[in-house]
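Below you'll find the structure, written out as structure tokens, and then a few comments.
The values are calculated or read from the model by the stated rules, or taken from the named source; none is laboratory data. Computed from a predicted structure; not experimentally measured. Cβ sites come from the backbone with ideal geometry, for glycine too, and all protein chains shown count toward neighbours. Heads up: the accessible areas ignore ligands, DNA and RNA and are worked out on the full protein's heavy atoms, side chains in. Shrake-Rupley method; radii C 1.70, N 1.55, O 1.52, S 1.80 Å.
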Amino acid sequence: MIDYMIVFLISMVPLIELRGSILYATGVGLPFIPAYVTAIIGNMLPVPFIFLFARKILVWGADKPVIGGFFTFCLEKGKKGGQKLQAKAGRGLFVALLLFVGIPLPGTGAWTGTLAASLLDMDFKSSVAAVMCGVLLAGIIMGAAGMGLFGALGALFG
């Protein structure tokens, strides 16, 4: 039970998120499906709060003495991510956001994707749905990686 709590908590941490929690779960030998569901719930829990409040908090704190630099960095990172998404996607922003969140690369998780969607003034429901689909995709990719599927395929075809 404690390992599932750890999976849940790791999946809520920015930058680590579901990707790290799935690798932790496979590393300690948890069954994939319950660990996957736990990680998804943990990763998605902050999403509505990020969408609704993060931009307001970051804008408010951007000019504060101690936190201003970090808050400005977060705003700029979210804006850059959002502009990249919009430039590549055009009207296919939903799919672009899904892929941005779903392909497990550094800095492309639910936190960054949701902040980018918020900064782009995307619709709340479609943003959350795209992020949710991306989190599901990232979980499948990381589960396959954690179970050694990609290494086995590399050995087979390499």
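A few remarks follow.
- Hits in segment 54-96 - residues which are assigned to a helix (DSSP H, G or I) and of a type in the set (Val, Ile, Thr): 57, 59, 72, 95
- Conditions (1) over 18 Å from residue 134 (Cβ atoms); (2) out of contact with any Cys (no Cβ under 7 Å at 6 or more places or on another chain); (3) open to solvent by less than 80 Å² (accessible area, probe 1.4 Å): number failed by residue 81: (1)
- Residues of segment 97-132 that turn out to be assigned to a helix (DSSP H, G or I), under 26 Å from residue 56 (Cβ atoms), open to solvent by 10 Å² or more (accessible area, probe 1.4 Å) and of a type outside the set (Ser, Thr, Tyr), as a count: 10
- Cβ-Cβ contacts under 9 Å between residues 6 or more apart (or on different chains), taken from a first residue in segment 1-19 that is open to solvent by 80 Å² or more (accessible area, probe 1.4 Å) to a second residue that is hydroxyl-bearing (Ser, Thr, Tyr), are listed as 5/38; 9/21; 15/112.
- For segment 42-53, a residue qualifies if it is in contact (Cβ under 8 Å) with a residue 12 or more places away in the chain and either in a helix (DSSP H, G or I) or not aliphatic (A, V, I, L, M) (or both), and the qualifying residues are 42, 43, 44, 46, 47, 48, 50, 51, 52.
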